[in-house]
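Here the structure is laid out as structure tokens; the discussion comes afterwards.
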Amino acid sequence: MAGAVRSGAMVALGLALLAGCAMLPPPDRVDLAPVPGVALPYKARVMIYAGRSELDRKLLIQMSRFQTEESEVKDGEALARSARVVLAKGFQQVEINDPTIRPQLVVKLIGKGTWNRQDAKIKVGCALDVWTADGIPLGSFPNRYDSPESDYRYDLDAAYALCLKKPVEDLLRSPGLATLAGAGFKDPPVAAADAWIRTLGPIPRSR
């Protein structure tokens with residue numbers, strides 16, 4: 001019976017792959033749990049920082065227990081796109097690598113994904129390291145997510161969005177963010193913010 005169920009699942013996956021269908025809900029359909037007493041989104045500007053090497057990182061395919069291959073899919077770009085979508089549900093303005101918005105918060109992305117050829121599952125880890133724009137830490141918020149059988153070509157962004165749901169919810173409920181919100185998300189001094197953001201590393205230009 002178990003073999004028949006497994007066979008049916010693989011047939012369904014095969015049909016979905018042939019049709020080019022996503023198996024997971026798209027990032028914009030990943031809803032955040034309400035924050036008690038708060039009407040989201042917070043009126044704050046958020047810059048996501050992702051370095052060029054992170055953005056250009058390719059998704060790894062686990063071919064076997066001891067062998068991996070690099071795909072052509074940019075794992076880091078998928079993480080950044082998904083983070084922007086999910087964070088935008090909690091904050092009024094969210095941009096990637098754009099200090100011209102004069103951010104009040106800066107989020108550094110940490111994450112990595114693989115697709116396992118043997119079970120067709122996307123497995124991702126993700127975390128948000130969050131500071132005020134002048135360098136006061138608000139915390140690190142991690143998670144991991146293993147998808148059901150999926151096609152990494154269509155579902156990687158969605159897998160990252162599902163992974164990021166909990167970190168973003170934890171950030172929105174964090175005491176440090178509540179303190180900043182209570183003070184009205186004041187803008188940090190421009191010189192201090194510019195100096196601290198430069199310590200993160202070069203900010204990639206759009207391609």
Note on ILE203: of the conditions (1) surrounded by 14 or more Cβ atoms within 10 Å (Cβ to Cβ); (2) over 19 Å from the mean Cα position of the chain (by Cα); (3) β-branched (Val, Ile, Thr), unmet is (2)
Among the residues in region 61-81, are any crowded, with 21+ Cβ neighbours inside 10 Å, in a strand (DSSP E or B) and not β-branched (Val, Ile, Thr)?
no
Among the residues of region 113-122, are any acidic (Asp, Glu), without any contact (Cβ under 8 Å) to a residue 40 or more places away in the chain and in contact with an Asp or Glu (Cβ under 9 Å, 6 or more places away or on another chain)?
yes
Subset of region 82-107, residues in a loop (DSSP other than H, G, I, E, B), on the phi < 0 side of the Ramachandran plot and among the charged types (D, E, K, R), comes to LYS89, ASP98
Does ARG153 fit the bill of being assigned to a strand (DSSP E or B), surrounded by fewer than 19 Cβ atoms within 10 Å (Cβ to Cβ) and of a type in the set (Lys, Arg)?
no
If you go through region 131-170, how many residues are touching a helix residue (DSSP H, G or I) at 6+ places or on another chain (Cβ under 6 Å) and more than 24 Å from VAL73 (Cα to Cα)?
6
Which of the residues belonging to region 156-207 are part of a loop (DSSP other than H, G, I, E, B) and polar (S, T, N, Q)?
SER174, THR199, SER206
Among all residue pairs at least 6 apart or on different chains, which show Cβ distances below 9 Å where the first residue, located in region 126-137, is closer than 17 Å to ALA183 by Cβ and the second is among the basic types (Lys, Arg) and surrounded by fewer than 18 Cβ atoms within 10 Å (Cβ to Cβ)?
ALA133/ARG102
Considering GLY135, GLY139, which residue is on the phi > 0 side of the Ramachandran plot and in contact with a Gly (Cβ under 8 Å, 6 or more places away or on another chain)?
GLY139
ASP146, sole failed condition from (1) closer than 18 Å to ALA50 by Cα; (2) assigned to a strand (DSSP E or B); (3) touching a residue at least 24 places away in the same chain (Cβ under 8 Å):
(1)
Checking the conditions here, which among ALA191, ALA178 is without any contact (Cβ under 8 Å) to a residue 12 or more places away in the chain and over 27 Å from ARG205 (Cα atoms)?
ALA178
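Values quoted throughout were computed directly from the atomic coordinates according to the rules given, and no laboratory measurement underlies them. Source: prediction; values computed, not measured. Cβ sites come from the backbone with ideal geometry, for glycine too, and all protein chains shown count toward neighbours.
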